[in-house]
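Engineer: Here it is, the structure in full.
Every number here is computed from the coordinates shown, using simple stated rules; none is lab data. Here the structure is a predicted model, which means the values were calculated and not measured.
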Amino acid sequence: MAKQKLKRFAEFADYPHTFDFAYELQGKWHQEVFKNNNPIVLELGCGKGEYTVALAQENLDKNFIGIDIKSNRMWVGAKKALENNMNNVAFMRALMHRINELFAPGEVAEIWITFPDPFVRHRSAKHRLTHTRFLRLYQQILKPGGVINFKTDSDELFAFTQNMLQHLSITPEVVDYNVHTNPNAEPMLKNVRTYYENLFMGRGKTIKFTRFKLDDFTTDKAKAFEDWFETERLKLVAAGKSTGI
Ligand SMILES: C[S@@+](CC[C@H](N)C(=O)[O-])C[C@H]1O[C@@H](n2cnc3c(N)ncnc32)[C@H](O)[C@@H]1O
């Protein structure tokens, strides 16, 4: 393994504000980590944590936790937060599949999902971080009224997410098909560009954003969507296609 990667793994593990699969902190983040009752905001699949750090700089009255499985990437954000003496930032190495065991019901006020892997093959759809499988988990940890912010370059993943929300009868608060050309887009969406955002913009991709709440999410509706999706998937398989929903 590259020397730099090993160094970053070690430094990340040593930082005072970083955690590794911290199941023991479930329900205790306010008390034991942040030492205040300010709202907790998560960035899922945070990579280098651009949103975690930038949002924390702008919102000193909130706490931010960047989560990713790759600590060498999070090292970048963790180092920046440390150098800037930010006490409202933490990073945690973890997998999203058990996020409901990392936070207690209602412990989280808001979620950001920034440029998640799109998993465009429909066979892999269950790995999409906006899939109902994950929304079920997010709903468990979000406070009532808690919002999900989702930014992506992927037309397929964005369409999938909008389609899914429609099936769930959830009306998004914001749907923006090109953040960087929309004069009314929130400054934070234009000004903070993640590593992957820059990469994809360089390839000519437009950056899309949506914000929605899960208050109306029910397992019955989620199940109905999953059944519909499976039917559509089988039709595509029969037609020899592997992507498109
Ligand atoms: C395409 S990168 C985007 C990183 C960053 N948000 C950005 O925009 O530059 C997707 C990130 O999500 C993380 N990731 C994907 N699936 C995950 C999962 N199930 N649990 C934890 N991390 C995950 C990957 O390790 C990767 O860093």
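Engineer: Hey, how much of the P(r) for the chain falls beyond 25 Å, as a percent of Cα pairs?
Structural biologist: Counting every Cα pair in the chain, those more than 25 Å apart make up 43 percent.
Engineer: Quick one: which residues, 5+ away or cross-chain, put their amide H under 5 Å from the amide H of Phe19? H built at 1.01 Å from N.
Structural biologist: Sorted by chain and number, the residues that satisfy this are Phe91, Met92, Arg93.
Engineer: By its C-alpha gyration tensor, with a ≥ b ≥ c as the square roots of the eigenvalues, how is the range 35-109 shaped: rounded for a/c under 1.5, else prolate for a/b larger than b/c, else oblate?
Structural biologist: Oblate.
Engineer: OK, next. Report P(r) for the range 31-164: all Cα-Cα distances, bin width 10 Å, range 0 to the bin holding the largest distance, values in whole percent.
Structural biologist: 12, 44, 34, 9, 1
Engineer: Nearest 10 degrees, 0 to 90: what angle lies between the long axis of helix 3-14 and the longest principal axis of the chain (Cα atoms)?
Structural biologist: 70 degrees
Engineer: Roughly what angle does helix 71-83 make with the longest principal axis of the chain, taking Cα atoms, 0 to 90 degrees, to the nearest 10?
Structural biologist: 50 degrees
Engineer: I'd like the orientation of helix 155-167 relative to the chain: the angle between its Cα long axis and the longest Cα principal axis, in ° from 0 to 90, rounded to 10.
Structural biologist: Long axis of 155-167 versus the principal axis of the chain: about 70 degrees.
Engineer: Find how many whole Å separate the alpha carbon centroid of the range 191-245 from the alpha carbon centroid of the range 141-177.
Structural biologist: 9 Å
Engineer: Right, another one. Is the shape of the range 111-170 rounded, prolate or oblate, going by the alpha carbon gyration tensor and its root eigenvalues a ≥ b ≥ c, with a/c under 1.5 for rounded and a/b larger than b/c for prolate?
Structural biologist: Prolate, since a/c reaches 1.5 and a/b exceeds b/c.
Engineer: Relative contact order of the chain, please, whole-number percent, based on alpha carbon pairs below 8 angstrom and at least 6 residues apart.
Structural biologist: Once normalised by length, the contact order is 19 percent.
Engineer: 5 Å is the cut-off here: which amide hydrogens, built 1.01 Å from N in the peptide plane, fall below it relative to Thr243, excluding neighbours closer than 5 in sequence?
Structural biologist: His122
Engineer: Taking a ≥ b ≥ c as the square roots of the eigenvalues of the Cα gyration tensor of the range 166-245, is the shape rounded (a/c under 1.5), prolate (a/b larger than b/c) or oblate?
Structural biologist: It is oblate, given that a/c is not under 1.5 and a/b is not larger than b/c.
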